[in-house]
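Below is one structure; the comments refer to it alone.
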Amino acid sequence: MLEKNYYQMMAQYNQWMNQRLYELCATIPDEERKKDRGAFFKSIQGTLDHLLYGDRVWISRFLNQSFSGNIKELLYPEFEQLRQEREKTDQQIIEWTKQLSLEWLAAPFEYYSNAYQKSQTLPAWMLVVHLFNHQTHHRGQLTTLLNQLGYDYGVTDLPWMPELDKFSQNHGIIL
């Protein structure tokens with residue numbers, strides 16, 4: 001997808017959802033947030049941490065920077081530090097999407113996957129779409145855990161993002 005507005009909108013959506021979910025998760029006792037609930041990344045905390053891990057891996061690749069995290073270890077075991085780092089990363093993603101060029105998006109992008117232990121080359125746009133798809137996938141797991149515990153996380157649908165009207169005006173999109 002070679003439409004820059006798409007990536008900027010998805011970065012805004014990512015930030016909106018993360019802010020809302022972190023606000024809710026901050027009300028959950030630490031012990032409950034860290035309890036193994038049988039999810040892929042075990043707990044609410046583990047799922048939040050993996051979301052940040054994935055974003056940091058991809059942004060590091062896209063910016064040609066090194067990243068030293070390990071998928072099998074928590075980046076930030078303490079919630080408040082995780083929340084602060086999430087906010088910084090969300091802002092970094094927003095700023096990064098503003099500078100995307102159609103040429104970069106259309107170009108092949110080679111990266112090495114630690115998870116699969118091999119290199120792969122795909123169009124950059126496809127990998128950026130994956131960044132946002134990965135976020136949505138794991139936030140779905142998180143909202144399932146929250147729902148099972150009886151927490152109301154509210155609406156998650158993109159058309160209800162409050163910033164959508166402002167975003168459309170700033171990017172010349174007619175809704």
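Excluding same-chain neighbours fewer than eight residues apart, the aspartates and glutamates reachable from residue 42 by a Cα-Cα span under 15 Å are 30, 31, 32, 73. Exceedance of the 25 Å cut-off in Cα-Cα distance is limited, within the set 34/166; 98/118; 72/98; 34/72; 4/88, to 34/166; 98/118; 72/98. For residue 109, the amide hydrogen comes within under 5 Å of the amide hydrogens of 122, 124, counting only partners 5 or more places away or on other chains and with H modelled in the peptide plane.
Summary of packing: across the peptides 28-37, 74-83, 122-131, the per-residue average of other C-beta atoms within 10 Å ranks them, highest first, as 122-131, 74-83, 28-37.
For region 46-58, putting each phi into the Karplus relation 6.51 cos²θ - 1.76 cosθ + 1.60 with θ = phi - 60° gives couplings of x, 5, 4, 5, 5, 4, 5, 4, x, 4, 5, 4, 5 Hz, in residue order, rounded to whole numbers and with x for Gly and Pro.
Measuring nothing but how far apart in sequence close Cα pairs (under 8 Å, 6+ apart) lie, relative to its length, the chain scores a relative contact order of 31 percent.
The numbers here are math on the coordinates, done by the rules we state, and not lab data. Predicted model, so just to flag it, every value in this text is computed and none were measured. Quick reminder, even Gly has a Cβ in these numbers, built from the backbone with ideal geometry, and neighbours come from all protein chains shown.
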